[in-house]
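The values are calculated or read from the model by the stated rules, or taken from the named source; none is laboratory data. Keep in mind the model is a prediction, meaning the values are calculated, not measured. Glycine gets a Cβ as well: all are built from the backbone with ideal geometry, and neighbour counts include every protein chain shown. The area values use the complete protein model at the heavy-atom level, side chains included, leaving out ligands, DNA and RNA. Shrake-Rupley method; radii C 1.70, N 1.55, O 1.52, S 1.80 Å.
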Amino acid sequence: EGIKIKKEVANAFVKRKKRSSPYEWYFEYYKSPMEQMHERCENYPPCDYLSDQVGFALAYNRFFG
């Protein structure tokens with residue numbers, strides 16, 4: 001059988017960090033344009049591979065610029 005633990009013990013491990021301010025909440029959901037560009041490049045394997053070789057800016061411009 002699987003391992004069984006009490007609900008309270010499991011919740012102690014999985015507690016979610018609470019946002020302490022609206023500023024943190026905003027930036028958790030709305031990313032900067034540069035971060036969006038990085039994610040777009042990371043999700044496209046040729047761009048991700050090339051960014052490791054020549055840098056993010058050159059790789060992004062090669063595929064999406």
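Computed quantities for the displayed model
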read-out	value
Per residue accessible area in Å² of the chain, where ligands, DNA and RNA are left out and the probe is 1.4 Å	96
Carbon + sulfur, % of accessible area of the chain - ligands and nucleic acids excluded, 1.4 Å	55
Karplus (6.51, -1.76, 1.60) ³J(HN,Hα), θ = phi - 60°, over the stretch 48-54, in Hz, Gly and Pro reported as x	4, 5, 5, 5, 5, 7, 10
Cα long-axis angle, helix 33-42 against the chain (0 to 90 degrees, to the nearest 10)	90
Cα gyration tensor category, rounded, prolate or oblate, for the chain with a/c compared to 1.5	oblate
Virtual spin-label span in nm between Lys4 and Ala57, 7 Å along Cα→Cβ	6.0
Calculated FRET value between His38 and Asn11, using beta carbons and R₀ = 30 Å, to 0.05	0.35
Tyr49-Glu28 pseudo-label distance in nm [points 7 Å out on the Cα-to-Cβ vector]	3.7
